[in-house]
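**Q** Could you have a look at this structure, given as structure tokens, before my questions?
The values are calculated or read from the model by the stated rules, or taken from the named source; none is laboratory data. Since the model is a prediction, treat every value here as computed from it, not as a measurement. Cβ sites come from the backbone with ideal geometry, for glycine too, and all protein chains shown count toward neighbours. Ligands, DNA and RNA are excluded from the accessible area calculation, which covers all protein heavy atoms including side chains. Shrake-Rupley method; radii C 1.70, N 1.55, O 1.52, S 1.80 Å.
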Amino acid sequence: MGIIVSMQEEVTPETKARDARIGEIASRLGVRAERGRRFAELTSLRVGGSIDWVLMPTTEDEAAAVVGALSEAGVAWRVLGAGSNVLADDGEHRYVVLSTREIKGEARFDGERVSVSAGFSLPRLCVEAARRGLSGIEGLGGIPGTVGGALWMNAGAYGHEIGQVVETVRVARGGRVVEVPGSEIKWDYRRTSFKEGELLLGATLKLAPDDAEQIKARMDEAKQKRFATQPHGARSAGCFFKNPPGSGLSTGRMIDEMGMKGERRGSAVVSPVHANFIVTEGEDASARDALALAEEIRERFRREHGIELEYEVEFWGAESKSEEKPEGEEQSREKEK
Ligand code: EPU
């Protein structure tokens with residue numbers, strides 16, 4: 001597999017040795033490696049700086065072997081799916097991005113169960129399940145992400161959360177694929193007990209048989225609601241903040257009532273359609289603008305409502321992963337910062 005090099009960076013003996021290690025792992029395992037990519041190309045917000053290495057395994061086994069080898073070699077890595085819930089800062093990100101996009105395969109249905117890999121498209125899975133008369137995920141049909149990303153943060157919409165239907169999750173451990181029962185995972189509101197440093201490879205979902213027409217009708221209704229109330233086609237990462245937990249309050253409605261729709265910081269705008277969406281505009285859009293706008297919203301929210309808004313998107317700092325961390329060390333989720 002070819003390695004595409006186009007990034008200009010300072011080459012020290014240490015970086016050279018590290019790059020050689022990563023290149024060797026990629027070619028030994030037959031995994032496509034790219035250099036010179038930017039988060040601006042790989043995330044839906046279309047902002048974010050350069051990425052040191054992107055590795056793109058195509059199977060679950062390959063992915064498990066790659067992260068096992070990287071960890072053994074002391075190379076920091078981080079998992080990116082569709083990039084639809086990530087705000088990566090504008091700096092130079094000196095870690096390996098393990099992209100799950102090519103770990104797609106087919107969704108394998110067996111009675112009420114479906115086994116699917118992390119890179120599989122969530123909307124496509126919802127359509128295929130509906131077509132087979134299987135209910136439980138039709139509310140998720142409009143979420144523009146991968147199955148892996150949905151599992152990672154327990155994606156939810158219109159009464160469904162993916163964690164509710166997970167029978168087992170396949171996780172990379174020690175270079176191998178390990179199956180973990182869904183009941184051993186904590187599935188909270190947009191949060192799970194998976195830890196950074198764990199790569200989710202796929203899952204088996206257990207769905208419930210129902211009338212295919214009715215499932216499709218519910219899925220279409222959810223999609224229409226989403227279409228009418230959320231920006232589409234715009235560059236966003238979905239809802240930027242969580243709703244205040246356990247309160248029944250909607251952060252979007254409250255930001256709207258604070259009069260902030262259309263508020264702008266450079267290339268970042270509070271969506272005029274749904275106030276909990278930040279959208280970016282222009283070729284030179286920056287993460288700095290999006291973050292400045294987000295912090296402005298949080299500041300006003302704190303002042304006016306006495307509530308500390310929690311990020312729903314993950315913030316990826318360029319610096320935060322550049323230090324090697326021992327395998328298994330618990331790291332706080334970036335979005336909780
Ligand atoms: N509203 C406004 N103005 C706004 C936005 C909303 O008045 O700018 C009002 C709506 O009219 C509605 C209420 O607020 O009466 C709630 O709005 P919505 O139905 O859009 O729900 P939400 O709480 O804002 C949550 C999720 C969405 C998910 C929808 C539908 C969070 C943070 N957001 O939004 O998830 O799609 O419910 O289930 O939990 C995401 O995770 O990225 C996301 C967008």
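**Q** Please go through region 15-56 and pick out each residue that is of a type in the set (Asp, Glu), assigned to a helix (DSSP H, G or I) and under 29 Å from GLY233 (Cα atoms).
**A** Within region 15-56, GLU41 is the sole residue that qualifies.
**Q** Going through region 14-36 one residue at a time, which ones are touching a residue at least 60 places away in the same chain (Cβ under 8 Å) and within 21 Å of the chain's Cα centre (by Cα)?
**A** ARG32
**Q** Can you tell me how many residues in region 111-145 are closer than 21 Å to GLN214 by Cβ, open to solvent by less than 40 Å² (accessible area, probe 1.4 Å) and part of a loop (DSSP other than H, G, I, E, B)?
**A** Total meeting the criteria: 6.
**Q** Can you pull out the residues in region 237-259 that are of a type in the set (Ser, Thr, Tyr) and either within 8 Å of the ligand (Cβ to nearest atom) or in contact with a Lys or Arg (Cβ under 6 Å, 6 or more places away or on another chain) (or both)?
**A** Of everything in region 237-259, those that are of a type in the set (Ser, Thr, Tyr) and either within 8 Å of the ligand (Cβ to nearest atom) or in contact with a Lys or Arg (Cβ under 6 Å, 6 or more places away or on another chain) (or both) turn out to be SER250, THR251.
**Q** List the residue pairs whose Cβ atoms are under 7 Å apart, where the first residue sits in region 79-92 and is modelled with pLDDT of 95 or more, the second is of a type in the set (Phe, Trp, Tyr) and not in a strand (DSSP E or B), and the two are 6 or more positions apart or on different chains.
**A** Matching pairs, first to second residue: ALA88/PHE39.
**Q** Here are GLY68, GLY148, GLY83: which of them is part of a loop (DSSP other than H, G, I, E, B), more than 23 Å from GLN214 (Cβ to Cβ), open to solvent by less than 50 Å² (accessible area, probe 1.4 Å) and not basic (Lys, Arg)?
**A** None of the other options fit; the residue is GLY83.
**Q** Those residues that are open to solvent by less than 40 Å² (accessible area, probe 1.4 Å), part of a helix (DSSP H, G or I) and in contact with a Phe, Trp or Tyr (Cβ under 8 Å, 6 or more places away or on another chain), I need them from region 163-182; list them, please.
**A** Across region 163-182, the qualifying residue is only GLY163.
**Q** Could you please find all residues in region 208-231 being away from the ligand (no atom under 12 Å from the Cβ), assigned to a loop (DSSP other than H, G, I, E, B) and surrounded by 15 or more Cβ atoms within 10 Å (Cβ to Cβ)?
**A** Scanning region 208-231 gives a single hit, ASP210.
**Q** Tell me which of these VAL47 doesn't satisfy, since it passes every other one: (1) open to solvent by 30 Å² or more (accessible area, probe 1.4 Å); (2) in contact with an Asp or Glu (Cβ under 8 Å, 6 or more places away or on another chain); (3) among the hydrophobic types (A, V, I, L, M, F, W, C).
**A** Unmet condition: (1).
**Q** Look at region 287-307 and say how many of its residues are out of contact with any Lys or Arg (no Cβ under 6 Å at 6 or more places or on another chain), open to solvent by 20 Å² or more (accessible area, probe 1.4 Å) and within 20 Å of ALA234 (Cα to Cα).
**A** Looking only at that region, the number is 2.
**Q** Another question about this same structure. Among (1) within 16 Å of the ligand (Cβ to nearest atom); (2) of a type outside the set (A, V, I, L, M, F, W, C); (3) open to solvent by less than 10 Å² (accessible area, probe 1.4 Å); (4) not in a loop (DSSP other than H, G, I, E, B), there is one condition GLY202 misses while meeting the rest; what is its number?
**A** Unmet condition: (1).
**Q** Look at ALA107 and say whether it is touching an Asp or Glu at 6+ places or on another chain (Cβ under 9 Å) and touching a residue at least 60 places away in the same chain (Cβ under 8 Å).
**A** Spelling it out, it is not the case that ALA107 is touching an Asp or Glu at 6+ places or on another chain (Cβ under 9 Å) and touching a residue at least 60 places away in the same chain (Cβ under 8 Å).
**Q** A follow-up question, please. Can you find, within region 260-286, the residue that is nearest to the ligand (Cβ to nearest atom) among those that are open to solvent by less than 50 Å² (accessible area, probe 1.4 Å), closer than 16 Å to SER44 by Cα and not in a strand (DSSP E or B)?
**A** Residue satisfying both the conditions and the ranking: ASN276.
**Q** Related question: Which pairs have Cβ atoms under 6 Å, sit 6 or more apart or on different chains, and link a residue in region 214-235 that is more than 18 Å from GLY145 (Cβ to Cβ) to one that is aliphatic (A, V, I, L, M)?
**A** Between residues of region 214-235 that are more than 18 Å from GLY145 (Cβ to Cβ) and residues that are aliphatic (A, V, I, L, M), the close pairs are ILE215/ALA130; LYS216/ALA130.
**Q** If you don't mind, there's one more thing I want to ask. Pairs please, first residue from region 188-199 and over 17 Å from TRP316 (Cβ atoms), second anywhere and away from the ligand (no atom under 12 Å from the Cβ), Cβ atoms under 7 Å, 6+ apart in sequence or on different chains.
**A** If the second residue must be away from the ligand (no atom under 12 Å from the Cβ), the pairs left are THR192/TRP152; THR192/GLY163; THR192/ILE185; THR192/LYS186; SER193/ILE185; SER193/LYS186.
**Q** So, in region 183-199, how many residues would count as being open to solvent by 50 Å² or more (accessible area, probe 1.4 Å), more than 16 Å from the ligand (Cβ to nearest atom) and in contact with a helix residue (DSSP H, G or I) (Cβ under 9 Å, 6 or more places away or on another chain)?
**A** 1
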